[in-house]
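This is the structure, below, for whatever I ask next.
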Amino acid sequence: MDILGLVYVPSWLLTFFLFLISLYLYSKYKLSFWKRLGVPHPKPTLFFGHGPLMKDGVGELDLRMLSTYDKVVGLYVFHKASLLVLDPEIVRDVLIKNFSSMPNRTQYFKQKSDLQHSLSRLHGDHWRFMRNTLSPVFATGNMRKISPVLAESCRRLLRNIEDKKNCGNAIEFKQMFGNFSMDAIAALGFGIDLDLYKNENNEFAIRAQAIFNAFKGLGVFLNLLVPPLYNLLVKLGLDLDGQSKHCLYFKRLVEQAKTLRQKDDQNRNDILQLMLNVHNDTEVSDTEQFNSYKDNREEWRKRGLTTNEVNGNSIMFMVAGYETTASALTFTAYCLATNPESQDRLLQEIDSTIGKGVPDYDSIQKMEYLECVVKEALRICPPAQRIMRETCEDLVIAGYTIPKNTEITISTYALHRSPKFWTEPEKYKPERFLAVNKSNLTPYTFLPFGLGPRSCLAMRLAYFEAKCALVTILQKYKFMPCEKTEIPLQLDPKLVLKPKNGVYLTIKER
Ligand code: HEM
């Protein structure tokens with residue numbers, strides 16, 4: 001193409017140049033969001049936003065923000081704006097008080113997959129219906145009923161730890177507890193025996209991790225950088241999120257479990273049975289056909305769960321409970337091994353409460369220090385480092401008007417580790433959580449499972465699982481550091497917080 005008859009520029013070069021200019025202007029505009037609202041924020045980098053500040057992980061960035069800014073700070077993950085809340089009272093407003101204005105999480109995946117139909121991805125009345133339908137499975141009564149199945153899973157864990165010990169090597173507990181958490185959720189939720197321990201590279205772990213890792217994949221990257229392009233490519237049918245193929249594996253497991261229970265007529269109390277009891281074969285494609293859930297519960301109840309919803313939720317339960325519970329247990333074992341006084345106090349409590357008896361839901365509840373031990377590990381290393389919400393109307397937060405559809409981020413990691421709220425936050429001190437010291441805690445600064453109506457659905461199960469596993473091991477053994485134990489522990493700061501190089505410990509007979 002001739003420009004004013006002076007120079008010849010090939011049209012491909014001109015198109016490329018125009019594309020770069022548009023991208024530049026787009027980036028400039030997107031990264032002026034907080035400036036236009038008057039919200040304080042660090043200077044962003046063109047295209048990357050505050051990405052370069054996250055090289056040590058989002059948690060460490062959030063902690064720096066908490067020590068620098070007052071109540072809120074505007075951040076950009078590439079071009080996606082997110083308001084980071086730094087003040088505990090505002091945390092309460094976002095998660096509890098103003099819940100009806102922010103009931104939803106940001107959806108990073110637009111691609112259709114089975115997970116689209118699961119509780120964690122739903123919103124509005126559909127979410128309310130699903131949450132109320134699924135909640136009973138984690139009620140106290142059901143925890144009591146599943147005690148024997150969990151105790152059996154814990155015994156399998158102990159046998160495998162003993163096998164490794166007999167080989168004389170240090171035990172890598174991240175993988176060991178990963179196997180345990182999968183074994184437990186498959187047995188407790190679906191009555192499936194996965195027989196994981198013998199298979200070092202088991203498919204369940206690889207696929208569950210792949211579903212989580214999609215958060216670091218091309219789809220999310222494009223969605224954060226140029227959402228219109230991402231939307232277009234998804235509409236054209238490109239598999240950018242890469243979750244669908246892994247969901248297929250879990251779907252097959254669920255189908256197997258369903259077929260098995262058509263054959264036996266046992267009265268089960270697990271997650272799958274609860275969903276099958278309200279399963280309705282008539283597919284409901286348009287969930288908006290009912291009015292509000294609050295006023296029309298009966299209509300929603302009759303609607304039941306569709307096959308897609310049974311499958312989607314089953315996959316979500318298997319994936320959501322795997323890495324989080326494994327990390328929580330691994331960090332607790334590490335903290336006990338490296339803090340022998342805390343471990344000794346816990347051993348005394350176990351001995352005086354249940355001795356060598358089989359732990360069940362009620363005996364576990366009697367151990368106050370056990371609860372403190374797990375909580376303190378979750379404080380220092382919260383597996384979910386951030387909690388997200390999205391405004392569904394314009395809202396005034398900390399004096400700034402935040403428009404509808406803006407992401408609000410709460411950093412568990414920063415709130416848990418800030419010296420503003422904790423004395424000696426880097427030290428492992430389970431005593432902080434004893435009832436006698438409760439008045440020293442700052443409200444809304446400890447939230448490993450989130451808070452409010454959209455907090456973790458399975459918190460009770462997660463605590464029960466972790467405590468039961470610890471008691472089963474500690475009735476016989478102590479955790480001990482060894483040559484391969486990293487002190488201090490290096491963390492992998494990506495999505496779910498986990499040890500970077502695993503956690504190697506030994507066990508010693510008591
Ligand atoms: C130590 C283990 C666990 C931790 C630290 C954890 C943490 C969390 C967090 C932080 C959230 C988001 C809360 C919010 O947005 O306010 C969440 C949501 C959720 N978790 Fe967990 N979780 C754990 C174990 C489990 C297990 C074992 C399951 C299932 C068997 C599970 C199922 C869910 C579900 C379904 C949601 C979504 C709830 C909703 O959107 O209504 N979690 N979890």
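Tally up the residues in segment 360-375 that are more than 15 Å from the ligand (Cβ to nearest atom) and open to solvent by 10 Å² or more (accessible area, probe 1.4 Å), please.
Matching residues across segment 360-375 total 7.
Out of all the residues in segment 135-156, which are open to solvent by 30 Å² or more (accessible area, probe 1.4 Å), aliphatic (A, V, I, L, M) and part of a helix (DSSP H, G or I)?
Within segment 135-156, Val149 is the sole residue that qualifies.
Still on this structure, I have one more. Restricting to segment 89-134, name every residue that is closer than 18 Å to Ala320 by Cα, open to solvent by 40 Å² or more (accessible area, probe 1.4 Å) and within 10 Å of the ligand (Cβ to nearest atom).
Arg105, Ser120, His123
What is the one condition in (1) part of a loop (DSSP other than H, G, I, E, B); (2) out of contact with any helix residue (DSSP H, G or I) (no Cβ under 6 Å at 6 or more places or on another chain); (3) of a type in the set (A, V, I, L, M) that Val436 does not satisfy?
Only one criterion in (1) part of a loop (DSSP other than H, G, I, E, B); (2) out of contact with any helix residue (DSSP H, G or I) (no Cβ under 6 Å at 6 or more places or on another chain); (3) of a type in the set (A, V, I, L, M) is unmet by Val436, namely (1).
A follow-up question, please. Please specify each residue of segment 403-427 satisfying the condition of being buried (at least 21 other Cβ atoms within 10 Å of the Cβ) and either among the small types (Gly, Ala, Ser) or modelled with pLDDT under 95 (or both).
Across segment 403-427, the qualifying residues are Ser411, Ala414.
For Leu329, which of the numbered conditions (1) under 29 Å from Ser120 (Cβ atoms); (2) away from the ligand (no atom under 11 Å from the Cβ); (3) of a type in the set (A, V, I, L, M, F, W, C) fails to hold?
All conditions are met except number (2).
Looking at Leu378, Leu447, Leu470, can you tell me which residue is open to solvent by less than 50 Å² (accessible area, probe 1.4 Å), touching a helix residue (DSSP H, G or I) at 6+ places or on another chain (Cβ under 7 Å) and away from the ligand (no atom under 11 Å from the Cβ)?
So the residue among Leu378, Leu447, Leu470 that is open to solvent by less than 50 Å² (accessible area, probe 1.4 Å), touching a helix residue (DSSP H, G or I) at 6+ places or on another chain (Cβ under 7 Å) and away from the ligand (no atom under 11 Å from the Cβ) is Leu470.
I'd like the full set of residues that are more than 38 Å from the chain's Cα centre (by Cα) and among the β-branched types (Val, Ile, Thr), limited to segment 7-44.
Val7, Val9, Thr15, Ile21 - these are the residues of segment 7-44 that are more than 38 Å from the chain's Cα centre (by Cα) and among the β-branched types (Val, Ile, Thr).
May I pose another question? Does segment 137-147 contain any residue that is touching a residue at least 12 places away in the same chain (Cβ under 8 Å), more than 16 Å from the ligand (Cβ to nearest atom) and not hydroxyl-bearing (Ser, Thr, Tyr)?
yes
Looking at segment 381-402, is at least one residue assigned to a helix (DSSP H, G or I) and at pLDDT 95 or above?
Scanning segment 381-402 turns up no residue that is assigned to a helix (DSSP H, G or I) and at pLDDT 95 or above.
The values are calculated or read from the model by the stated rules, or taken from the named source; none is laboratory data. Only a predicted model underlies this, so the values are computations on that prediction, with no experimental measurement involved. A quick note on method: Cβ atoms are made from the backbone with ideal geometry, for glycine too, and the neighbour counts reach across all protein chains shown. Keep in mind that these areas ignore ligands, DNA and RNA; they rest on the heavy atoms of the full protein, side chains included. Shrake-Rupley method; radii C 1.70, N 1.55, O 1.52, S 1.80 Å.
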